[in-house]
1. Return the residues of the stretch B:156-169 that are hydroxyl-bearing (Ser, Thr, Tyr) and touching a Ser or Thr at 6+ places or on another chain (Cβ under 9 Å); say none if nothing qualifies.
2. Give me a count of the residues in the stretch B:136-166 that are open to solvent by 10 Å² or more (accessible area, probe 1.4 Å) and under 14 Å from the mean Cα position of the chain (by Cα).
3. Give just the number: which of (1) open to solvent by less than 30 Å² (accessible area, probe 1.4 Å); (2) part of a helix (DSSP H, G or I) does A:ALA112 not satisfy?
4. Given the conditions (1) surrounded by fewer than 20 Cβ atoms within 10 Å (Cβ to Cβ); (2) touching a Phe, Trp or Tyr at 6+ places or on another chain (Cβ under 9 Å); (3) among the aliphatic types (A, V, I, L, M), and given that B:ALA245 satisfies all but one, which numbered condition is not satisfied?
5. Among what's in the stretch B:9-49 and is touching a residue at least 40 places away in the same chain (Cβ under 8 Å) and of a type in the set (S, T, N, Q), pick the residue that is nearest to the other protein chains (Cβ to nearest Cβ).
6. Do you know which of the residues in the stretch B:194-207 that are touching a residue at least 40 places away in the same chain (Cβ under 8 Å) and closer than 23 Å to B:LEU88 by Cβ is surrounded by the fewest Cβ atoms within 10 Å (Cβ to Cβ)?
7. Being away from every other protein chain (no Cβ under 14 Å), under 14 Å from A:VAL76 (Cβ atoms) and touching a residue at least 24 places away in the same chain (Cβ under 8 Å) is the filter here; which residues of the stretch A:97-125 pass it?
8. Residue check: is A:ALA39 in a helix (DSSP H, G or I) and more than 14 Å from every other protein chain (Cβ to nearest Cβ)?
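The values are calculated or read from the model by the stated rules, or taken from the named source; none is laboratory data. Here the structure is a predicted model, which is why all the values come from computation and not from measurement. Neighbour counts are summed over all protein chains in view; Cβ atoms, including those assigned to glycine, are modelled from backbone coordinates with ideal geometry. Note: accessible area is taken over every heavy atom of the protein model, side chains too, but ligands, DNA and RNA are not part of it. Shrake-Rupley method; radii C 1.70, N 1.55, O 1.52, S 1.80 Å.
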Amino acid sequence: MFNQAFLIQVAASGAAVAALVGLAAWARIARPLNPLDDATARFHLGEEFPGRPIDRLWVATDGAGALARSGASALVLCRVGDAYIGRQIPWAQALSAAFRDGRITLDLSDVAAPKATIVLPAWPPADLAA
Amino acid sequence: MKTFDPVTLATPFFIATVILEIVLARLNKVEARYEARDTAVSLTLGLGSTIAGVLIAGVSFAASLWVYQHRLFTIPMNAVWAWIAVFLLEDLTYYVFHRLSHERRIWWAAHVNHHSSTHYNLSTALRQTWTGGVAGTWLLWLPLSLLGFPPAMVAIEKGISLVYQYWIHTETIRRLPAWFEAVFNTPSHHRVHHARNPRYLDRNYAGILIVWDRLFGSFQPELDEEPCRYGIVKNLGTFNIFRVAFHEWIAIAQDLVRSPRHALGWLFGPPGWSPDGSRETSAQIKARAFPPLHGEGTARQSRARGGEAVTGS
């Protein structure tokens, strides 16, 4: 099944993959992504969760993510590569998330997006802390 | 007739054109975006799929040979009409395969890999499944051998289709002449297929001929006023190749463990199906995005949605 010719072909393909990835990294042609601010975070949240009201919004201090409260849910926005992805978790889960070294780590309970890290000055917010 | 593998022959062309697209984009000559980790995932999935393909090839080819031994007719491999017939029938089979791969979760689990990039460039074309063989979608091509097309002929035609579909994964080519756009699958039509905008979900399943989508009501033209946003409804939050390759299979397994009595729904329902309706299928996403207008019929709603809604890429 895996004869020598095939193994050589796979090895050559692997080398080609490495070269192409190196070329893509060198080219620096990813999408330009400015740090999030309040308006852009709301825009992206609107795209990920259309029609969902945002009660309150926390934008990461490094602009690489945001966390919003929408009723009983937390809407999470985080940068992956040169795009933003969104996930929704129960608000209580977000509120009790671990906050260490200036960042909150959220368990998204999703094998395709296991966790999100958002840099915030403090968590939970003083007025919401139990 | 000596058989050949169009995909193997085209591989140097794949590599050369990816290089060309990256370099021209770097020089601002064409519109293309590449993110290095995304590119790495796409190309590694492509490489892995060739290995997975070898593993399953013996089984699928043996099955097609067995079916061919019980064929209804004997179709010559050296007749022009036979190649025209296998081209049309293989392309129709691809349409059915592709539509099923979007409409039923068990097959979506294998196909989702191809759609999970937020980019649309030539490397995305090489982002191929590792689990297509396990999902058994190759069974759909067996009727061609039963009809009497030699398995090698079917394999060559499948390869030609795959090679054709490579070049349409680009933003560099905007629109082609109207007659070509009317008949063939093009970069414009396929951009729609890879888009996650509600209007574009589950449209344009064609392999080579877009006429199948026009015929079966799944065609949606690309609209200048609605640029494509690429990826899947819930884009991936990781570049871990194994999570990318297997995430939907793992999610299915988790659902089966959580609620085994809904196994049929989890496996054969549309992606996004759940027994309690807590998730959304493509049809529901489209219905939310384009609610029926008061006093107007469903025909207008359907037009706004770009045809009939189905399910969820």
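1. Answer for the stretch B:156-169, where residues must be hydroxyl-bearing (Ser, Thr, Tyr) and touching a Ser or Thr at 6+ places or on another chain (Cβ under 9 Å): just B:TYR166.
2. Matching residues across the stretch B:136-166 total 7.
3. (2)
4. (1)
5. Only one residue tops the list, namely B:THR39.
6. Ranking the candidates gives B:GLY207 first.
7. If the condition is that a residue be away from every other protein chain (no Cβ under 14 Å), under 14 Å from A:VAL76 (Cβ atoms) and touching a residue at least 24 places away in the same chain (Cβ under 8 Å), then A:ALA97, A:ILE104, A:VAL119, A:LEU120, A:TRP123 are the ones that fit.
8. The answer is yes for A:ALA39.
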